[in-house]
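Below: the structure, in structure tokens.
The values are calculated or read from the model by the stated rules, or taken from the named source; none is laboratory data. These numbers come from a predicted model, not from an experiment. Virtual Cβ from ideal backbone geometry, glycine too; neighbours counted across all protein chains shown.
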Ligand SMILES: Nc1ncnc2c1ncn2[C@@H]1O[C@H](COP(=O)(O)OP(=O)(O)OP(=O)(O)O)[C@@H](O)[C@H]1O
Ligand SMILES: [Mg+2]
């Protein structure tokens with residue numbers, strides 16, 4: 001397995017371990033004009049960009065003040081916007097100076113992030129957890145400087161088995177030292193056993209709530225099933241209370 005250490009020069013953190021990936025092939029990510037945000041309809045909306053940038057600030061604050069380097073993005077059910085939120089947030093965070101971000105597709109059943117990013121790399125998370133593939137061969141650079149991807153990969157072993165070994169927390173430990181921020185797209189809370197195992201390896205969680213879809217009861221039940229100390233905040237997705245349309249609000253849990 002590849003290992004790395006984080007250097008601290010003065011007050012400035014340096015993450016040299018991601019550099020080898022920067023010279024390899026790069027995945028061309030979907031782009032919408034010059035904006036770093038994809039919405040469901042393929043449109044970039046100025047208001048959404050601003051909302052993601054504001055979320056980004058809050059995430060980076062949580063990283064500094066609460067030491068949260070690896071954050072899982074989840075929700076109470078399918079299709080609430082976990083993957084889109086993970087992608088757009090990672091995209092925005094990577095735009096900050098000296099902020100290498102690793103975006104991991106840990107939803108091994110749906111593999112929504114792997115599909116959204118067009119990641120054709122065969123080696124991915126399944127290969128790391130199931131076959132001990134080197135971290136570096138499962139990591140690929142994107143054409144957004146600072147944004148790196150680990151796709152779902154291939155294999156038939158059950159995700160719950162894969163996440164229950166020590167490999168997952170070892171991978172997150174490596175990623176947290178090698179990248180400034182690790183964002184993990186995950187399955188919903190409580191539907192499959194994978195989520196709690198994925199959450200256990202990370203030190204923060206973000207809950208996506210989709211307007212007109214997520215019920216209060218589902219949210220309450222879900223919050224009861226996760227580690228409340230790790231919750232960074234709740235993201236209100238597709239808020240249409242304002243006439244402009246798309247909106248993404250954030251509330252600290
Ligand atoms: N704010 C939004 N505006 C428009 N479309 C959205 C928004 N959020 C999500 N969508 C769309 O809704 C669909 C589901 O989103 P996404 O795949 O991100 O959800 P998910 O929670 O990851 O789903 P799954 O649990 O199946 O992985 C996608 O087609 C996505 O583009
Ligand atoms: Mg998804």
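A few remarks follow.
- Among the conditions (1) within 18 Å of residue 163 (Cβ to Cβ); (2) more than 16 Å from the chain's Cα centre (by Cα); (3) within 16 Å of ligand 2 (Cβ to nearest atom), the only one that residue 104 does not satisfy is (2).
- Residues that are in a helix (DSSP H, G or I) and at pLDDT 95 or above, drawn from region 197-219: 197, 198, 199, 200, 201
- Residue 125 satisfies every condition listed in (1) under 30 Å from residue 215 (Cα atoms); (2) buried (at least 17 other Cβ atoms within 10 Å of the Cβ); (3) within 16 Å of ligand 1 (Cβ to nearest atom) except (1).
- Residues of region 67-84 that are more than 16 Å from ligand 1 (Cβ to nearest atom) and either in a loop (DSSP other than H, G, I, E, B) or closer than 13 Å to residue 195 by Cβ (or both): 67, 68, 69.
- Taking every residue in region 81-101 that is within 16 Å of residue 64 (Cβ to Cβ) and pairing it with any residue that is within 16 Å of ligand 2 (Cβ to nearest atom) and part of a helix (DSSP H, G or I), at least 6 positions away or on another chain, the pairs with Cβ-Cβ distances below 6 Å are 101/90.
- Verdict on residue 108 being touching a residue at least 24 places away in the same chain (Cβ under 8 Å) and either in a loop (DSSP other than H, G, I, E, B) or more than 12 Å from ligand 1 (Cβ to nearest atom) (or both): yes
- Looking across region 110-128, the residues that are at negative phi and under 16 Å from the mean Cα position of the chain (by Cα) come down to 110, 112, 113, 114, 115, 116, 117, 119, 124, 125.
- The requirement of being in contact with a strand residue (DSSP E or B) (Cβ under 9 Å, 6 or more places away or on another chain) and either over 30 Å from residue 215 (Cα atoms) or at pLDDT 70 or above (or both) is satisfied by residue 93.
- Region 174-186 - residue that is crowded, with 24+ Cβ neighbours inside 10 Å and assigned to a loop (DSSP other than H, G, I, E, B) and, of those, modelled with the lowest pLDDT: 179
- In region 72-82, the residues that are within 11 Å of ligand 2 (Cβ to nearest atom) and within 8 Å of the chain's Cα centre (by Cα): 73
- Number of the exception - residue 152 against (1) more than 16 Å from ligand 1 (Cβ to nearest atom); (2) buried (at least 22 other Cβ atoms within 10 Å of the Cβ); (3) at pLDDT 95 or above: (1)
- Residue check for residue 101: under 30 Å from residue 218 (Cβ atoms), more than 16 Å from ligand 1 (Cβ to nearest atom) and in contact with a strand residue (DSSP E or B) (Cβ under 6 Å, 6 or more places away or on another chain): yes
- Residue within region 14-29 that is closer than 30 Å to residue 219 by Cβ and either within 16 Å of ligand 1 (Cβ to nearest atom) or modelled with pLDDT of 90 or more (or both) present: no
- Restricting region 45-66 to residues that are in contact with a strand residue (DSSP E or B) (Cβ under 9 Å, 6 or more places away or on another chain) and away from ligand 1 (no atom under 16 Å from the Cβ), the residue that is nearest to residue 177 (Cα to Cα): 63
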